[in-house]
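Accompanying notes for the structure given below.
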Amino acid sequence: MTTPLTPLASAAPFTESRQRDVARALGAVLPPGCVLSRLEDTRPYECDGLSAFRQPPMIVALPQDEAQVLAVLDVCRRMNVPIVPRGAGTGLSGGAMPIADGVVLSTARLNRIVRVDAEARTAVVQPGVRNLAISEAAAPFGLYYAPDPSSQIACTIGGNVAENSGGVHCLKYGLTVHNVLRVRVATIDGHIVELGSEAPDAPGLDLLAVFIGSEGMLGIVTEVTVRLVPKPAVQRVIMASFADIVAGANAVARVIAAGIIPAGLEMMDQTSSRMVEPFVRAGYDLDAAAILLCEADGTPEEVEDEIARMAAVLQEAGATAIAVSATEAERLRFWSGRKNAFPAAGRISPDYYCMDGTIPRRHLAQVLSGIAQMEVKYGLRCANVFHAGDGNLHPLILFDANVPDELARAEAFGADILALCVAVGGTITGEHGVGIEKIDSMCVQFGPGELNAFFGVKRAFDPPSLLNPNKAIPTLQRCAEFGRMRVTGGVLPHADLPRF
Ligand SMILES: Cc1cc2nc3c(=O)[nH]c(=O)nc-3n(C[C@H](O)[C@H](O)[C@H](O)COP(=O)(O)OP(=O)(O)OC[C@H]3O[C@@H](n4cnc5c(N)ncnc54)[C@H](O)[C@@H]3O)c2cc1C
């Protein structure tokens with residue numbers, strides 16, 4: 001069992017009069033229609049993609065420009081109201097889950113592409129711009145934005161920055177942190193700061209790297225400058241079948257060991273391919289225990305050479321069948337199953353719980369076998385569909401929340417997977433962040449020294465601790481309650497730390 005969530009702390013509890021006061025103060029600084037407080041209006045914000053946890057916020061604020069973001073922060077700081085930033089709400093770790101007596105600051109109306117500079121190969125966008133919309137705006141110039149979360153049709157660049165999101169193409173082109181040059185941030189004390197630079201290096205401390213992946217706890221992103229890359233002339237994908245999952249996992253390590261960095265290297269186990277095939281008809285080999293999708297991109301000559309080299313490695317690694325996309329339509333069809341795997345889970349299970357951990361590639365086979373044993377231990381099925389090239393696992397634990405204790409078993413199953421990731425030298429998160437979902441697993445990954453350093457950064461940016469409190473960093477007390485912190489001589493270290 002995972003420890004239940006601790007109640008979220010704030011100065012004044014939710015009351016109708018408090019809600020009225022805060023709504024009035026926000027209404028004075030925002031245009032009409034930008035403050036929502038009726039339950040029927042706030043309910044759509046009650047959860048993100050981690051829908052097992054729900055909490056309508058006291059108020060939703062919808063600022064339309066940077067000055068209005070600062071005004072919302074000013075009201076919240078003066079009235080001591082916690083703030084949860086929110087993009088599209090596709091996050092899978094509960095990062096945008098509201099607080100009962102807090103304000104959700106939505107970036108839905110900050111959705112303008114400020115400019116695309118084809119010569120500099122950059123785009124400047126507001127935080128509520130959808131990931132895919134950046135590539136659409138850059139397409140006329142033969143450019144695109146490389147990090148491509150599977151949720152890219154909906155998720156926002158602000159959310160991507162806050163989560164340091166990844167995607168299929170990140171193996172070759174890097175994560176959000178490698179593709180964002182500069183962010184403008186509204187701080188809780190009412191300033192706009194610019195982190196990073198369009199130049200290759202920025203003077204001063206590298207606070208951009210600190211900020212990317214900080215899950216809405218350090219400031220509100222109000223503008224993002226991203227790097228664009230040229231669209232490759234050709235892209236082709238290999239679909240390789242394997243008779244057992246260990247051979248498939250080992251093939252991943254062998255492709256990389258051969259010095260090839262594919263544009264994408266993804267794996268689906270049989271549960272996943274059987275789950276998704278009736279949904280998308282991608283032509284997957286349903287007898288295969290595992291399928292690998294390996295993409296090559298570049299000039300026609302580069303692609304031909306890389307496809308031949310990858311096919312040879314895969315064959316040597318025991319592939320039982322290999323198909324290479326001959327047309328762009330076929331390439332998209334091969335990928336369609338991978339891209340639609342999460343929604344397809346709904347066809348075979350009322351609920352699913354998507355975990356996200358990263359491991360050294362060489363341990364893929366061991367960890368997948370461990371997950372198979374946990375399926376028996378917890379009596380729940382698990383589909384594995386993931387960024388194999390990065391060692392970034394996405395076990396989808398299938399459960400039915402209507403069956404008593406299945407959610408609890410799914411959570412315990414997930415926590416066990418993360419503990420296994422840490423045990424083999426990996427991390428508890430790959431790209432979905434910590435949020436509320438993995439907060440206890442942070443105690444498995446980090447000791448008091450690291451957690452204190454994280455709190456130090458948090459306090460430096462947000463002294464009143466109003467920005468997304470109680471997410472991502474567990475208090476040392478919480479770790480002790482979770483049973484992962486050493487209590488020496490009956491004394492809990494750092495019991496004096498604030499609970500946030
Ligand atoms: C079907 C599906 C597939 C997915 N596939 C991937 C994938 O391949 N790779 C991947 O990395 N993720 C994936 N995700 C997870 C999710 O889409 C990403 O984490 C995404 O970056 C979240 O963006 P969002 O706009 O929805 O942010 P939200 O969910 O609204 O918020 C996420 C976090 O960002 C903070 N935040 C949002 N906007 C701001 C801002 N302007 N300033 C400061 N903080 C902010 C929030 O407080 C929260 O902590 C997937 C999710 C789904 C549902």
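Things worth noting here:
- Intensity falloff of the range 234-342 expressed as log10 I(q)/I(0), Debye formula with alpha-carbon point scatterers, at q = 0.10, 0.11 Å⁻¹: -0.24, -0.29
- By DSSP, the beta bridges lying fully in the range 73-142 are antiparallel in about 50 percent of cases.
- Listed peptides 385-392, 466-473 by packing density, highest first (mean Cβ within 10 Å): 385-392, 466-473
- Kirkwood estimate for the range 113-230, i.e. one over the average of 1/r between Cα atoms, Å: 14.0 Å
- Dividing the helix sum by the residues of the chain, where each DSSP H run of 4 or more adds -39500 (n - 2.57), gives a mean residue ellipticity at 222 nm of -10500 deg cm²/dmol.
- Once you divide the Cα radius of gyration of the range 307-401 by 2.2 N^0.38 Å, the number left is 1.26.
- Antiparallel DSSP beta bridges within the range 20-106, as percent of all bridges there, nearest 5: 20 percent
- Couplings for the range 14-20, taken from phi via the Karplus curve 6.51 cos²θ - 1.76 cosθ + 1.60 with θ = phi - 60°, read 5, 9, 4, 6, 4, 4, 4 Hz in order; Gly and Pro are left as x.
- Sites residue 177 and residue 243, calculated FRET efficiency, Cβ-Cβ separation with R0 45 Å, nearest 0.05: 0.75
- Remark: the residue 315-residue 274 segment gains 12.4 nm on full extension, using 0.36 nm per residue and subtracting the alpha carbon distance.
- By the Cβ distance rule (another cysteine Cβ under 4.7 Å), the unpaired cysteines of the chain are 34, 47, 76, 155, 170, 294, 354, 382, 421.
- The range 408-429-the range 12-90 distance, computed between alpha-carbon centres (Å): 33 Å
- Close amide H pairs (under 5 Å, H built 1.01 Å from N) link residue 298 with 233, 234, residues at least 5 positions away or on another chain.
- Protection proxy ranking, highest mean first, for peptides 433-439, 74-80: 433-439, 74-80, where packing is the per-residue count of other beta-carbon atoms within 10 Å, averaged.
- Span from the the range 320-359 Cα centroid across to the the range 98-150 one, whole angstrom: 25 Å
- For the range 165-178, Karplus couplings with θ = phi - 60° (6.51, -1.76, 1.60), whole Hz, Gly/Pro x: 5, x, x, 3, 8, 6, 4, 8, 9, x, 7, 3, 4, 8
- For q = 0.23, 0.26 Å⁻¹, Debye-computed log10 I/I(0) when each Cα of the range 54-146 counts as one equal scatterer: -1.09, -1.24
- Under-5 Å amide H pairs with residue 435, H placed in peptide plane, nonlocal only: 472
- Translational diffusion of the chain, µm² s⁻¹ [Kirkwood Rh, Cα pairs; Stokes-Einstein; 10 °C; 1.306 mPa s]: 67 µm²/s
- Estimated vicinal HN-Hα couplings, Hz - the range 406-415 in sequence order (Karplus 6.51, -1.76, 1.60; Gly, Pro = x): 5, 5, 4, 5, 4, 5, 5, 4, x, 4
- Sequence-distant contacts, meaning Cα pairs under 8 Å at least 6 residues apart, place the relative contact order of the chain at 15 percent.
Readers should treat all values here as calculations from the given coordinates under stated rules, not as data from a laboratory. Just so you know, these numbers come straight off a predicted model, no measurement behind them. A quick note on method: Cβ atoms are made from the backbone with ideal geometry, for glycine too, and the neighbour counts reach across all protein chains shown.
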